[in-house]
1. Collect the residues in segment 132-165 that are within 20 Å of the chain's Cα centre (by Cα), open to solvent by 20 Å² or more (accessible area, probe 1.4 Å) and more than 29 Å from Ser305 (Cα to Cα), keeping them in residue-number order.
2. Go through segment 316-337 and report how many residues are open to solvent by 30 Å² or more (accessible area, probe 1.4 Å) and either more than 26 Å from His225 (Cα to Cα) or among the aromatic types (Phe, Trp, Tyr) (or both).
3. What is the residue count in segment 453-478 for residues that are under 16 Å from His115 (Cα atoms) and among the charged types (D, E, K, R)?
4. Has segment 379-399 got any residue that is among the β-branched types (Val, Ile, Thr), in contact (Cβ under 8 Å) with a residue 24 or more places away in the chain and in contact with a strand residue (DSSP E or B) (Cβ under 9 Å, 6 or more places away or on another chain)?
5. Out of Val190, Val231, I need the residue that is surrounded by fewer than 24 Cβ atoms within 10 Å (Cβ to Cβ), hydrophobic (A, V, I, L, M, F, W, C) and either assigned to a strand (DSSP E or B) or at pLDDT below 95 (or both). Which one?
6. Look through Gly451, Gly419, Gly431, Gly444 and report the one residue that is more than 30 Å from Ser360 (Cα to Cα) and under 24 Å from the mean Cα position of the chain (by Cα).
7. Taking Pro209 and the conditions (1) part of a loop (DSSP other than H, G, I, E, B); (2) free of Cβ contacts under 8 Å to residues at least 60 places away in the same chain; (3) not aliphatic (A, V, I, L, M), which numbered condition does it fall short on, given that it satisfies the others?
Amino acid sequence: MDHSRAPVLEALQEFRRRGDVVFGPPGHKQGRGVDPRVAEILGLDLFRADVLMLNGLDDRRESQGVLSQAQELMADAVGAEQAFFSTCGSSLSVKTAMLAVAGPGEKLLLSRNAHKSVIAAVVVNGVEPIWVHPKFDGERHLAHPPEPDDVRRRLKEHPDAKGMLLITPTDWGSCADVKGVADACHSFDVPLIVDEAWGAHLPFHPELPAWGIDADADLVVTSVHKMGGAVEQSSVFHLQHDRVSPEVLKQREDLLGTTSSSSLVYATLDGWRRQMVQHGHDLLDDALRRAQRIRGTADSLPGLSVMGREVVGAGFAADLDPLKIVIDVRGLGTTGMRAAEWLRAERHVDVGGSDTCRISISITHSDDDETEQVLVDALRALVDRADSIDGRSPAAVRLPEPPALELEQARLPRDAFFGEADHVAAEDAVGRIAAETISPYPPGVPVVTPGEVITAEVVDYLRSGVDQGMLVPDAADPSLKTFRVVAREPRS
């Protein structure tokens with residue numbers, strides 16, 4: 001296929017050349033009606049590129065095949081049989097993928113270290129989750145992906161499960177044995193869905209971990225805005241084999257997705273694919289060398305510890321994305337959350353994620369010598385001025401032992417979420433069934449999901465975390481002074 005082509009961008013260029021005057025959405029009419037104060041900040045070109053696909057970039061019959069050609073090129077670029085663009089982000093794409101495999105009341109295996117969007121899908125779709133618990137790294141207080149034997153065991157216990165959803169790479173860059181998990185699923189003739197939101201770059205360089213399609217997954221969802229070069233909300237479904245029907249996937253996407261897809265997302269997806277095919281290896285080669293230098297510098301600084309391939313050697317992860325630089329800051333006597341806030345306030349450096357123990361930095365093909373130097377200087381300053389950071393110690397967050405995070409699932413998430421609920425004081429929530437999702441953010445992996453039994457260890461962990469700056473924006477009460485729990489008795 002001709003990867004010098006970019007069908008969506010070419011159609012946009014032709015739209016501008018023709019000088020079409022539009023009498024339909026969007027109402028700003030390619031920037032004519034934009035408030036000058038908005039245009040001053042965002043630029044008029046943003047609005048000039050905001051064009052409907054139908055009767056804009058293509059005709060109402062889509063006879064020019066603008067979008068279908070772009071999707072075929074994407075599939076060819078990454079070795080998938082088919083690819084479909086989504087402009088609603090991978091949070092919605094994952095919901096769609098799950099619904100394409102398991103319907104209401106049916107079972108689906110899920111990694112318990114899933115993002116909150118997966119839990120939302122469980123609630124919305126009404127599936128019965130069969131949790132596959134991750135590998136817990138007690139020293140780092142970190143969850144790595146589950147292993148093939150864990151998946152195989154759960155499939156034996158639940159032979160009526162419709163498939164498996166695996167999250168890899170994690171927010172912290174640790175990767176699953178996707179091929180092993182795919183083999184386990186396929187031995188039971190069920191599909192493997194991979195939530196590879198952090199892995200859009202993986203197909204384009206041999207030194208990166210294997211990507212889902214190459215590892216025989218059936219359906220892979222990527223977020224190109226995370227580690228790629230497209231705008232926010234750009235997501236792609238990648239499909240192969242016959243265990244997931246393309247027709248069903250499209251219908252489920254139509255059920256959940258928008259009818260007003262953004263040409264901005266389509267165009268940047270199209271352009272990123274062309275860039276990666278033509279220049280991706282060299283660009284990622286530079287990024288890998290840059291990340292290696294930053295890792296070495298950060299790891300040499302007192303009080304900082306960079307997570308490296310030792311987690312692979314210890315058997316916690318099957319692989320590690322070297323472009324994710326995860327730095328434990330507990331040696332500075334502070335939390336990752338406080339370190340992130342200090343870097344933003346004092347050095348104008350925004351890290352990708354943080355939690356009680358660490359900060360996370362994503363290096364992409366977009367970084368250069370200037371951004372590398374800014375980051376290194378900021379990390380040095382963080383170490384030099386650690387005493388000036390909020391003096392509260394990470395030890396004040398009472399981290400539970402890993403088994404304490406494996407909560408009992410006492411009720412289906414959908415039933416618990418939509419049922420009658422009470423709000424009770426934190427100390428009274430112990431032993432009650434949660435009616436809400438509680439996800440420290442970032443990274444947004446729930447500690448509590450609807451239907452799980454709340455324990456004293458989890459309440460203690462969450463309350464002490466909030467006291468130290470942990471954010472839980474999805475909780476009914478973000479202060480966690482109260483919890484939303486299933487009502488004991490139905491109200492008349």
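The values are calculated or read from the model by the stated rules, or taken from the named source; none is laboratory data. On a predicted model such as this, the values are computed, not experimentally measured, just so you know. Note: ideal-geometry Cβ built from the backbone for every residue, glycine included; neighbour counts use all protein chains shown. Ligands, DNA and RNA are excluded from the accessible area calculation, which covers all protein heavy atoms including side chains. Shrake-Rupley method; radii C 1.70, N 1.55, O 1.52, S 1.80 Å.
1. None; the set is empty.
2. Residues meeting the conditions: 4.
3. Qualifying residue count for the region: 1.
4. First pass over segment 379-399, keeping only residues among the β-branched types (Val, Ile, Thr): 383, 389, 397.
Still in the running and in contact (Cβ under 8 Å) with a residue 24 or more places away in the chain: 383, 389, 397.
Right, trim to in contact with a strand residue (DSSP E or B) (Cβ under 9 Å, 6 or more places away or on another chain) and you get none.
No, because not a single residue in segment 379-399 is among the β-branched types (Val, Ile, Thr), in contact (Cβ under 8 Å) with a residue 24 or more places away in the chain and in contact with a strand residue (DSSP E or B) (Cβ under 9 Å, 6 or more places away or on another chain).
5. Values: Val190 fails: either assigned to a strand (DSSP E or B) or at pLDDT below 95 (or both).
Only one candidate passes the filter, namely Val231.
6. After ruling out the rest, the residue left standing is Gly451.
7. Condition (2) is where Pro209 drops out.
Table: residues versus (1) among the hydroxyl-bearing types (Ser, Thr, Tyr); (2) at pLDDT 90 or above; (3) crowded, with 17+ Cβ neighbours inside 10 Å.
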residue	(1), (2), (3)
His423	no, yes, no
Glu427	no, yes, no
Val445	no, no, yes
Gly451	no, yes, yes
Thr455	yes, yes, yes
Tyr461	yes, yes, yes
Ala476	no, yes, no
Arg484	no, yes, yes
